[in-house]
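Read the structure below first, then the notes.
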């Protein structure tokens, strides 16, 4: 096993670099307020935040799933996930500007927050307050509930993350099984809590930008994206630590194969959820549902295909076909040269998917969204880099605070010798060679 103290020496430098990148990205995004429309900057910031919050929630769920299933193979990876979930207080702080927007200029993103807003500005008619669909949803779609749900959710995520970090780090010191038991109990309570808050927040933050739309799958769609992006981050961290020497003698092909199987499973799950929603909306052909896809395929004013149609096609192939066929291969799943790039690609497509959900919600008086290439992509990039810098700074800041792996976890021996079974020519099960 590589010496952890030796390999940690470059971490503070990397943390400073990440922090510098983060601050630079945030400052550049703020500069955008003086050179572009505030609504464009606000939506870019929302996309960047939702992307990194989604990854963090996926990681938190993976930690809880590990505990609730009493998993063995993932124990060596879990510690890196525990470093990641230290980020929630910082993400909460970075969300504050959007809460300020909600209380000062709410119609930049959420038209329903101002009952006096004239819907003719976005291709509708009358005001929000006269809209029967808003009136029916007003108990949910109001600024107080939006603010309260957001603050509660961040506190819940931070609290759960801190419980798992405390339990795991404390077990390194004393080896007491009570920490494992505690983590299982918090996972049993935490999984439904995160499922509810995750669904609540993505509906309030993103789906409600087009509050006429109905979807019972939106929370599940976001969950699928969170899990895929979190698994992708896990693969990238595993290979990075192996390349540094930290995971030499710890990580074997079977760990990569197991996480690759989960990546494949959630690829199929995303396709199932997304296709089911599209098919049911297309089949029912109800205007309150179909308009969401229509504006992402053709202009409302002249019926001509728009740029978002091609973004949708990219999502179809990028989210499903490409990763699906790559992840079917055992050789690709265990290749340290290929699997991290598959992960990076999956995370990138998740980001494009968030753009696809947020950007077309801003419409002109004809009801048409801005073309994809004119939707402030540069500010989305600066926001993603800025928030991502803080995300990785938080991870690298936590990295030296604990052992590389949970050395006194009851499942650590099983994890270090993890193997899948392969059939021998005679048909008897044999451990796969490492």
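Worth pointing out:
- Taken together, 187, 170 contain a single residue that is modelled with pLDDT under 95 and touching a helix residue (DSSP H, G or I) at 6+ places or on another chain (Cβ under 8 Å), which is 170.
- Matching residues, segment 266-285, being in contact (Cβ under 8 Å) with a residue 24 or more places away in the chain and more than 18 Å from residue 312 (Cβ to Cβ): 266, 268, 269
- Within segment 295-313, considering residues that are loosely packed, with under 14 Cβ neighbours inside 10 Å and at pLDDT below 90, the one nearest to residue 375 (Cα to Cα): 305
- The single residue among 230, 271 that is under 22 Å from residue 404 (Cβ atoms) and in a helix (DSSP H, G or I) turns out to be 230.
- Residue check for residue 139: out of contact with any helix residue (DSSP H, G or I) (no Cβ under 7 Å at 6 or more places or on another chain), farther than 21 Å from residue 57 by Cα, free of Cβ contacts under 8 Å to residues at least 60 places away in the same chain and not in a helix (DSSP H, G or I): yes
- For segment 378-395, the count of residues that are farther than 16 Å from residue 53 by Cα, surrounded by fewer than 20 Cβ atoms within 10 Å (Cβ to Cβ) and at pLDDT below 90 is zero.
- The set of residues in segment 325-350 that are under 18 Å from residue 270 (Cβ atoms), over 17 Å from the mean Cα position of the chain (by Cα) and surrounded by fewer than 16 Cβ atoms within 10 Å (Cβ to Cβ) comprises 325, 328.
- So residue 84, is it surrounded by fewer than 19 Cβ atoms within 10 Å (Cβ to Cβ), within 31 Å of the chain's Cα centre (by Cα) and more than 23 Å from residue 360 (Cα to Cα): no
- Selection within segment 135-150 - more than 30 Å from residue 81 (Cβ to Cβ) and exposed (fewer than 14 other Cβ atoms within 10 Å of the Cβ): 135, 136, 139, 144
Residue-wise test of (1) closer than 30 Å to residue 322 by Cα; (2) over 16 Å from the mean Cα position of the chain (by Cα); (3) crowded, with 16+ Cβ neighbours inside 10 Å; (4) free of Cβ contacts under 8 Å to residues at least 12 places away in the same chain.
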{"residue": "133", "(1), (2), (3), (4)": "no, yes, no, no"}
{"residue": "160", "(1), (2), (3), (4)": "no, yes, yes, no"}
{"residue": "183", "(1), (2), (3), (4)": "no, yes, yes, no"}
{"residue": "212", "(1), (2), (3), (4)": "no, yes, yes, no"}
{"residue": "223", "(1), (2), (3), (4)": "yes, no, yes, no"}
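Residue-by-condition table, conditions (1) surrounded by fewer than 19 Cβ atoms within 10 Å (Cβ to Cβ); (2) closer than 30 Å to residue 416 by Cβ; (3) at pLDDT 90 or above:
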position	(1), (2), (3)
12	yes, yes, no
26	no, no, yes
32	no, no, yes
62	no, yes, yes
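- Every listed requirement among (1) buried (at least 22 other Cβ atoms within 10 Å of the Cβ); (2) on the phi > 0 side of the Ramachandran plot is met by residue 70 save one, (1).
- Condition met for residue 153 (farther than 23 Å from residue 95 by Cα and surrounded by 14 or more Cβ atoms within 10 Å (Cβ to Cβ)): no
- Test: residue in segment 96-118 that is touching a strand residue (DSSP E or B) at 6+ places or on another chain (Cβ under 7 Å) and crowded, with 19+ Cβ neighbours inside 10 Å: yes
- Single unsatisfied condition, residue 370 versus (1) out of contact with any strand residue (DSSP E or B) (no Cβ under 9 Å at 6 or more places or on another chain); (2) surrounded by fewer than 21 Cβ atoms within 10 Å (Cβ to Cβ): (1)
- Qualifying residues in segment 119-130 (those that are in contact (Cβ under 8 Å) with a residue 24 or more places away in the chain and not in a helix (DSSP H, G or I)) - the one surrounded by the most Cβ atoms within 10 Å (Cβ to Cβ): 124
- Among the residues of segment 212-227, just one is assigned to a loop (DSSP other than H, G, I, E, B) and at pLDDT 90 or above, namely 217.
- Residue 274 fulfils the conditions (1) under 15 Å from residue 347 (Cβ atoms); (2) surrounded by 16 or more Cβ atoms within 10 Å (Cβ to Cβ) except for a single criterion, (1).
- Qualifying position, being under 30 Å from residue 306 (Cα atoms), at pLDDT 90 or above and assigned to a helix (DSSP H, G or I), among 277, 261: 277
The values are calculated or read from the model by the stated rules, or taken from the named source; none is laboratory data. Source: prediction; values computed, not measured. Cβ coordinates were reconstructed from backbone atoms using ideal geometry, including for glycine residues, and neighbour counts include every protein chain displayed.
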